[in-house]
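The values are calculated or read from the model by the stated rules, or taken from the named source; none is laboratory data. On a predicted model such as this, the values are computed, not experimentally measured, just so you know. Positions of Cβ are generated from backbone atoms using ideal geometry, with glycine treated the same way; all protein chains shown enter the neighbour counts.
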Amino acid sequence: MRKSKLPLKKLHTFVSYFLKRVGPNKQVKKKGRPQKYEDALIITLWLFQILINYSYRETHL
């Protein structure tokens with residue numbers, strides 16, 4: 001499968017599986033703002049941006 005044809009849902013499934021296998025970050029502190037989005041979603045969107053060769057400005061509205 002070409003990297004440009006990788007479905008976003010499949011990429012998210014892979015990232016979620018990988019993060020479950022690796023485990024949570026042990027250095028996370030409870031201070032600060034609560035998380036709004038899960039880590040898997042943030043990493044998925046970041047990888048998708050890299051795969052389609054978009055710069056930060058092209059993906060930001």
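Can you pull out the residues in the stretch 32-59 that are in a loop (DSSP other than H, G, I, E, B) and either surrounded by 10 or more Cβ atoms within 10 Å (Cβ to Cβ) or under 8 Å from the mean Cα position of the chain (by Cα) (or both)?
38, 52, 54 - these are the residues of the stretch 32-59 that are in a loop (DSSP other than H, G, I, E, B) and either surrounded by 10 or more Cβ atoms within 10 Å (Cβ to Cβ) or under 8 Å from the mean Cα position of the chain (by Cα) (or both).
Contact list please: Cβ distance under 6 Å, first residue in the stretch 13-24 and at negative phi, second residue part of a helix (DSSP H, G or I) and surrounded by 11 or more Cβ atoms within 10 Å (Cβ to Cβ), pairs at least six apart or on different chains.
From residues that are at negative phi, the pairs are 15/40; 15/43; 15/44; 16/40; 19/40.
Applying the selection to the stretch 1-22, what residues are among the polar types (S, T, N, Q) and modelled with pLDDT under 90?
4
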